[in-house]
Amino acid sequence: MAHGRFDNPVIASLAGVKDFFSKQKLEDHLKDTDRADGKTCIITGANSGLGYAMAVEMAKRGARVIMACRSQIPEAGEKVKMESGSDQVEMLPLDLSKIDSIHQFVETLKKRNLSIDITILNAGVALPKARKLASGQEEMFFVNYLSNFILVNLMLANGLIENRSNGMAKPRILFISSDSHQGSSAIDFEQFGNYEDYGVSKGISYYSYYKLVLNTLAIEFSRRLENKNINVLTICPGPVHSNIIREAPWLLRKTLGAIFSLVFRKPAVAARPVIYMALSKDYEDKNGSYLHMFNPKKMDPKIYIPEEGLKLWDYSERLWKQIDPKAEEIKFNYITEDEKVG
């Protein structure tokens, strides 16, 4: 049965204490000269917390920033404009719990004939109990994993993230993850996509487990896009003092909030390694790489097993087609059969 590294939210939060004091090997590698002038950057879940901080910093560094969010439109975007001093910021509605919203978002981008340079898949939820979506899926599974599979495939299939071989910088796709994935169980394909009721303890466990599933997908994307001049990267920004615990029970929320305020990084600080990975020339040719804050490292070994990646892809594609009639129309034409690895 699937399980994550932690099943106690307080223990999981305290694990971030070590990260708070750990040395950041590449921290001084982020330079003021790491700019995004002329680049278009999409950040999901950018209306608050880490995503908001990344939107401000990317705008400051010259990017055209598209904040893909399900709330605080346009208020959060106006605040980002004020903080960054840039008017190249806009918000587009994207609710990653709804398949139709994902399609509408991609269709809007396509109508504008946009080419996306940097895609930061930041949005996620941590729930105290299971919640069933209209599609029949459990919300944390869908938002934290399957929606990213759907969104990236739609963007690729519609030419929004393109192969560039004319000397231009390679587009980058960043999966925002958590090092809590380390030690999670192997993917349970018998359980995959099935709705299951759970409470707080199992919710914490599934949060880290779904990060392992997400990271396995990131590596599979990196294999499939290896010859397409598109870099797929994964990063854990470390413990972030955000509002991700907003739905936790009152006492637990107060306890975790105290821990967060003491040892978790402010979003603006936690955003820095993400900005580094998104912009630095250090990661121009490091497809498939992982950063834990500013420290390069390996993910859980299970993530790199090619057969697991292929199996995850097949299960994800099959599930998508089961719950979304439009999925049958999608052509995975950015990858040929000969280029599949496994």
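Annotations
- Taking the average, over residues, of other Cβ atoms within 10 Å as the packing measure, peptides 224-231, 36-43, 61-68, 76-83 rank 61-68, 36-43, 224-231, 76-83 from highest down.
- With the highest mean first, a sort of the peptides 125-132, 193-200 on other beta-carbon atoms found within 10 angstrom per residue produces 125-132, 193-200.
- Relative contact order of region 9-328: 21 percent, from C-alpha pairs under 8 Å at least 6 residues apart in sequence.
- Region 279-300 versus region 153-231: alpha-carbon centroid distance in Å: 15 Å
- Once both labels are positioned 7 Å from their Cα atoms along Cα-to-Cβ, the gap between residue 87 and residue 24 label points is 3.3 nm.
- Cα-projected label distance for residue 305 with residue 101, points at 7 Å along beta-carbon direction, nm: 3.4 nm
- Added length on full extension, which subtracts the Cα-Cα distance from 0.36 nm per residue, residue 31 to residue 226: 67.5 nm
- Taking the Cα centre of region 9-328 as origin and assigning +1 to Lys and Arg Cβ atoms and -1 to Asp and Glu Cβ atoms, the resulting dipole is close to 540 debye.
- For region 86-151, averaging the sequence separation of C-alpha pairs within contact (under 8 Å, six or more residues apart) and dividing by the residue count gives a relative contact order of 36 percent.
- Each residue of region 205-218 was assigned a 3J(HN,Hα) from its phi angle through the Karplus curve 6.51 cos²θ - 1.76 cosθ + 1.60 (θ = phi - 60°); the sequence is 4, 5, 4, 6, 4, 5, 5, 5, 4, 4, 5, 4, 5, 4 Hz, with glycine and proline shown as x.
- Distances between placed amide hydrogens fall under 5 Å for residue 3 paired with 185, all partners being 5 or more residues away or on another chain.
- Note on residue 318 and residue 282: the extension gain reaches 9.3 nm, defined as 0.36 nm multiplied by sequence separation minus the Cα-Cα distance.
Here, each number is a calculation from the coordinates, and none is a lab measurement. Treat the numbers as computed from the prediction; the structure is a model and nothing was measured. Ideal geometry is used to build each Cβ from the backbone, glycine not excepted, and the neighbour counts take in all protein chains shown.
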